[in-house]
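Asker: Submitted below is the structure of interest, expressed as structure tokens.
The values are calculated or read from the model by the stated rules, or taken from the named source; none is laboratory data. Note that the structure is predicted; figures quoted are calculated from it, not measured. Cβ placement follows ideal geometry from the backbone for every residue including glycine, while neighbour counts extend to all protein chains displayed. Just so you know, the surface numbers come from the protein's heavy atoms only, side chains and all, with ligands and any DNA or RNA stripped out. Shrake-Rupley method; radii C 1.70, N 1.55, O 1.52, S 1.80 Å.
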Amino acid sequence: MWTPDEIARLCYEHYGSRLPKQGKPEPNREWTLLAAVVKIQPIAGQACDCPDKQVQVTKEVVSMGTGTKCIGQSKMRKSGDILNDSHAEVIARRSFQRYLLHQLHLAATLKEDSIFIPGAQRGLWKLRPDLSFLFFSSHTPCGDASIIPMLEFEDQPCYPVSRDWAHNPSMEASGNLEATEDKRKCEDPDSPMTKKMRLEPGTPDRKVTNGVAHHQSFGNQGSGPVPPNVSCSNVTSEELATVTGMAPSGAKVVDVYRTGAKCVPGEVGDSGKPGAAYHRVGLLRVKPGRGDRTCSMSCSDKLARWNVLGCQGSLLMHFLEEPVYLSAVVIGKCPYSQEAMQRALIRRCQNVSSLPKGFGVQEVKIQQSDLLFEQSRCAVQAKRADCPGRLVPCGAAISWSAVPEQPLDVTANGFPQGTTKKGIRSLQARSRISKVELFRSFQELLSSISEDKWPDSLRVWKLETYQEYKEAASAYQEAWSALRKQAFGSWIRNPPDYHQFK
């Protein structure tokens, strides 16, 4: 049907041809991260009588996002007009919700060809049975999925953390990542270990040409390869068990890739010990900010949530008979562990039960491509060689949706790029994938449908605020409540007064 490399190449080509120069990294100085949702559809008219025959499919990117940043708690707004989280995965998912809203509009109002067909109940729709969606990310999601073993003598794309760094409280305890330009330097697996990281001299890495990975060695960057300055001597067998279990049989785990995402209040917390026991795995984590704590959960946590509740969110569940799930997750070339991905996205929630009809923990297919994203941190570092100046994350985020009107959205600091302080309250200062704009699109969909064709969940009482519409999606809220009680009890939720806009 498809291969991970086919998906990666499709997404990289889409990034190159359909996304504007505005919002992309400055060459040889900046890097970014990429995520996308791809629609998979079998080609019509194929004979399926031979079980060994590969089904031919069409692959189409329907949403895409880039970005590495999120805003601090103090910058959040009760008007819903700012993007709190601009990590690529979150931008791609919100762009996907915009695509789903458009497809519902096609089905319910215009009666045009759509990915949705009528459901069994009045006002409800369901995904066409021949369609599926997969999620692509150029990198391992920040948080739990990024805590993966580093093996002795393993070729690493980036320099491993030193024992001294692991004991340095000034970076971890303060939550201030100013020294790294951005939170993602330590949680992005392309830049695995950290806040102060350099490429390991002489270490083989990959150069990207048109989406194809090639081995390349670095020169003139130091005195040659330096083995990891780490030790497992202070690590107990219990602490090593979970991480060592991810390593190939007989391989010695000398360290783990770090994630910059912090354990949420209420979780046990990381040990902070040097080497492989630095992190505890399986915990909920929040993305760090630049001195200002954020309320944004890690991408590993969000993907795990979507794997139970669907990608559509609570508003769209009013119109859907069942959630819109991802059938697969494909990760680009980067430090990666299948075990860590399975744990972070599936196993943490595998015992969740008593979910409403249609909801369930999905056995999403997880695979990795061998193609490196050409604007990832390590790819740019490899190409820039001895260029002067620091390599920094791109400050902008790009959203693209497969919709006919204004598919693109370029933001910085949560607002459309170029927004001034004076202009923040204007309609032009809203991202098209902000809460308030997606809510407005939802209300436009609702107003275009005659009231007698509304789903029952919207006919019970008069709803006005964003919060009221979310809470009225009773099946979704019941599933979310079960997930929190049984697996994600420490999940950080925004206070209700941040959802009272109309």
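Asker: Against the conditions (1) part of a loop (DSSP other than H, G, I, E, B); (2) open to solvent by less than 10 Å² (accessible area, probe 1.4 Å), where does R293 fall short? Just the number, please.
Answerer: (2)
Asker: Okay, next question. In segment 333-360, what residues are in contact with a Ser or Thr (Cβ under 9 Å, 6 or more places away or on another chain) and not in a helix (DSSP H, G or I)?
Answerer: Answer for segment 333-360, where residues must be in contact with a Ser or Thr (Cβ under 9 Å, 6 or more places away or on another chain) and not in a helix (DSSP H, G or I): K333, C334, P335, Y336, S337, P356.
Asker: Among the residues of segment 421-429, is there at least one that is crowded, with 17+ Cβ neighbours inside 10 Å, at pLDDT 95 or above and outside any strand (DSSP E or B)?
Answerer: no
Asker: Being open to solvent by less than 20 Å² (accessible area, probe 1.4 Å) and either in contact with a Cys (Cβ under 7 Å, 6 or more places away or on another chain) or in a strand (DSSP E or B) (or both) is the filter here; which residues of segment 389-409 pass it?
Answerer: V392, P393, A396, A397, I398, S399, W400, S401, D409
Asker: Go through (1) at pLDDT 95 or above; (2) closer than 20 Å to W491 by Cβ one by one and return the number of the condition S327 breaks.
Answerer: (2)
Asker: Would you point out the residue of segment 451-473, among those that are of a type outside the set (D, E, K, R) and open to solvent by 80 Å² or more (accessible area, probe 1.4 Å), that is modelled with the lowest pLDDT?
Answerer: Out of the qualifying residues, it is V460.
Asker: A further question on this structure: Kindly list, by first and then second residue, each pair from a residue in segment 65-81 that is closer than 11 Å to C295 by Cα to a residue that is open to solvent by 10 Å² or more (accessible area, probe 1.4 Å) and basic (K, R), limited to pairs with Cβ atoms under 6 Å and residues at least 6 apart or on different chains.
Answerer: Q73/R293
Asker: Among the strands (runs of 3 or more DSSP E) contained in segment 1-87, which hold 2 or more residues that are out of contact with any helix residue (DSSP H, G or I) (no Cβ under 7 Å at 6 or more places or on another chain) and open to solvent by 30 Å² or more (accessible area, probe 1.4 Å)?
Answerer: 34-42, 57-66
Asker: For R29, are the conditions met, namely being under 24 Å from E374 (Cβ atoms), of a type outside the set (F, W, Y) and modelled with pLDDT under 95?
Answerer: yes
Asker: Related question: Taking segment 338-363, which residues are open to solvent by less than 10 Å² (accessible area, probe 1.4 Å) and under 22 Å from A36 (Cα atoms)?
Answerer: Scanning segment 338-363 gives A340, M341, A344, L345, I346.
Asker: While we're on this one: Could you check how many residues of segment 296-335 are in contact with a Gly (Cβ under 8 Å, 6 or more places away or on another chain) and closer than 18 Å to S132 by Cα?
Answerer: Total meeting the criteria: 8.
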